[in-house]
């Protein structure tokens, strides 16, 4: 039986396809400060579900019990009342209940709460679930998927990072240090910068190609974000940032060389205390030779490409 620690107040469910498993687990480790290997877990602190593409649902746990009746007693004793509420069951990988058992729990709780239910336009949604024979009840939250709108950028390229990957990268970067300053020195059309701005982070981008840089500016304007794109070479940067997110140029649409890529790594070492590198091949040797220490890494696939993600300091 699960004995819920009173400090583990939030129950999360997550979801990811197998090809993004490494990246998802890496991102969630930095967001929640612990390794997460299952698709449901408890946390002692709150992260909004819409912060990550991989977070699915959150239950802010109010009451726990060995049976539904124990939940009902607590709801009655505390005179829980809501207007225009809805109750839903949170399914997860460890869930062993039948559909009928879930419905019975939803109905029993719905009838016990004082106030009028509204399943079509609820002002608040409440959640119930069972894990390891322990019942949980509380405030329910679902990922609103607002970040998906960023997939409809007016300017994009087929080799650009996906929105989900970009969002993971900025979450990892922002979780390394509070109030950090982030730079994307090869920002392309601004995918990473847009996700950073959407999360309220202090992020800027540099792009050496004027055509691509202006497309990044148009994308930011389209979504209503301030222009934080500088059209210039990253090698001219004088400031030092807390974290750099570097999606390494691959030479797919423009010429590049190994030496040019090594120059990017060396300049990143100069302008950032920590870095997240995204590469199409394993470049750990070059990252280390530039003076970095690799502290974490994962892989993610997009179509026929495998991307290596390396966190270094």
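Bear in mind that the values in this text are calculations on the coordinates, not laboratory data. From a predicted model like this one, the values you see are computed outputs, not experimental measurements. All Cβ positions, glycine included, derive from the backbone under ideal geometry; neighbour counts span all protein chains shown.
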ask   = Do you know the relative contact order of the chain, to the nearest whole percent, from alpha carbon pairs under 8 angstrom that are 6+ apart?
value = 15
query = What is the distance in Å between the Cα centres of the stretch 254-306 and the stretch 189-220?
reply = 20
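Quick one: if the Förster radius is 22 Å, what FRET efficiency do residue 144 and residue 273 give, using the C-beta to C-beta distance and rounding to 0.05?
Details: r = 33 Å, r/R0 = 1.51.
E(calc), rounded to 0.05, equals 0.10.
Can you order the peptides 161-171, 188-198 by their average number of other Cβ atoms within 10 Å per residue, highest first?
Ranking the peptides 161-171, 188-198 by packing returns 188-198, 161-171.
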query = Which part of the stretch 284-313 falls in the paramagnetic zone of residue 258, meaning amide N under 15 Å from the point 7 Å along Cα-to-beta-carbon?
reply = 284-290
query = Given the chain, what percent of its DSSP beta bridges are antiparallel, to the nearest 5?
reply = 60
task = Pop the C-beta distance of residue 158 and residue 202 into the FRET formula with R0 = 30 Å and round what comes out to the nearest 0.05.
result = 0.50
task = Considering only 179, 130, 15, give the residue with the highest GNM mean-square fluctuation for the chain, with springs between Cα atoms whenever their separation is below 10 Å.
result = 179
query = Does the stretch 147-312 come out rounded, prolate or oblate, given a ≥ b ≥ c as the square roots of the eigenvalues of its C-alpha gyration tensor, rounded meaning a/c under 1.5 and, failing that, prolate meaning a/b above b/c?
reply = rounded
